[in-house]
Amino acid sequence: MTSQVTSQVTRKVMFITGASRRLGAEIARTFAARGFHVIVHARSENPDAVALTRAIGESHGRNQGKASLITGDLAAEAERARVVAAIDARVDHVDVLVNNASAFEYDFPGRGEVAQLRRSLEVHAVAPFALIETFARRATAQRRLDVFNILDQKLAHVNPDYYSYTVGKAALHAITQCWQAADVKAVRVFGILPGTLYPSGPQTGQEFEAASRANLLAHAPTAQDVCDAIRFFHENPGLPAQDLAVDAGERLTRRQRDPAYDARFTSRG
């Protein structure tokens, strides 16, 4: 009985934005299995988010990890405030914040739209900026905050595809680096730069398979690789905040186009 009570009291809390599916969902499943209370965020209530939250609840016992679902459009200030209020109603502290939500819509220099850029900046920069500030001010030496900003390996060698998305991720990278330079003692802000984990835009399965292996290690990185990197940093509090590319060396190939538009893998122009 004592061990059960202790587990309930010490369970850590992870808040993951954009966690309905793909990488966000994999992070949620991984850390729920490690005993975390995972708060799954989705822009709106959808079958994937509901199913993920339910599956975590059914897979793990009462004291072995749990999941809660919170919805809200992070591009809207009022809804961001409502999301934070909903978190506060469920938990008294956030130990790990994963800024994973993304606005991934295609555009290209010369054909860009300010409205699309504005949404990208709201989702990729403004929302993470606000969430980090909110939870960092509550961090203490006894209960620290680790932040993991999900970036993109393309920031190491920018290509013009997904123009607004790229600008938004670059802004999030700047936020990440500012926090690293500030060296706030109770807060660590990491930048994780994944490679080709999932199909990009109009890619076919065959195109994705070829592109995902076109890196220095000749094999695709995985979502579990990202989860392992987050776990390693979080479980080693003596490591300083830093950036890590989880891309099997993709960034070092210096691609000129996004994999979905790379002539080596597709005839798409």
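Here, each number is a calculation from the coordinates, and none is a lab measurement. Computed from a predicted structure; not experimentally measured. Note that each Cβ is placed from the backbone with ideal geometry, even for glycine, and that neighbours are counted across all protein chains shown.
Details
- Extension gain from Arg22 to Val91, taking 0.36 nm per residue of separation minus the Cα-Cα distance: 22.3 nm
- Taking other Cβ atoms within 10 Å as a rough exposure proxy, Lys169, Lys185, Lys154 sort from fewest to most as Lys185, Lys154, Lys169.
- Angle between the chain longest axis and helix 22-33 axis [Cα atoms, degrees, rounded to 10]: 30
- Crossing angle, helix 163-182 versus the chain [Cα axis fit, 0-90 degrees, rounded to tens]: 50
- GNM remark for the chain: springs join alpha carbons under 10 Å apart, and the peak mean-square fluctuation among Phe108, Phe208, Phe190 falls on Phe108.
- Computed from Cα positions, the angle between helix 223-234 and the longest principal axis of the chain comes to roughly 50 degrees.
- Cα gyration tensor shape of the range 94-233, rounded if a/c is under 1.5, else prolate or oblate by comparing a/b with b/c: oblate
- A cut-off of 5 Å between modelled amide H atoms, ignoring neighbours fewer than 5 places along the same chain, links Val189 with Val147, Ala241.
- Each label was represented as a point 7 Å from its Cα along the Cα-to-Cβ direction; for Thr140 and Ala115 these points are 4.7 nm apart.
- For the chain, the 222 nm mean residue ellipticity estimated from helices alone, with every DSSP H stretch of n ≥ 4 adding -39500 (n - 2.57) and the total spread over all residues, rounds to -12000 deg cm²/dmol.
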